[in-house]
Amino acid sequence: MTVQWQKSTFSGVEGENCIELADVQGDILLREGEAPGDVLAVAPVGMLALIRYVRAAPRRAATAPV
């Protein structure tokens, strides 16, 4: 099966510094450009909860990865 990935519009122009999403059989797949083999599958309701949480969270300054 071929998965059609969609790059986030917030990812910028760099190819590996991005988050990509795909819709496969009712699930939403997420992956990071730097590690395209690592895929997270979530139900749409779970993705909606994540988006609501992120939008409601106070803004923090960006930090280096741990």
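Bear in mind these aren't lab numbers, they're just calculated from the coordinates by the rules spelled out. All figures in this text were calculated on a predicted structure; none of them were measured in a lab. Glycine also receives a Cβ, built like all others from the backbone with ideal geometry; neighbour counts cover every protein chain displayed.
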So Leu29 and Arg55, fully extended at 0.36 nm per residue minus their Cα-Cα distance, gain in nm 7.4 nm
Here, Met1 and Met47, labelled 7 Å along Cα→Cβ, have an inter-label distance in nm of 1.4 nm
Highest mean packing first, using Cβ neighbours within 10 angstrom, the peptides 18-30, 43-55 sort as 18-30, 43-55
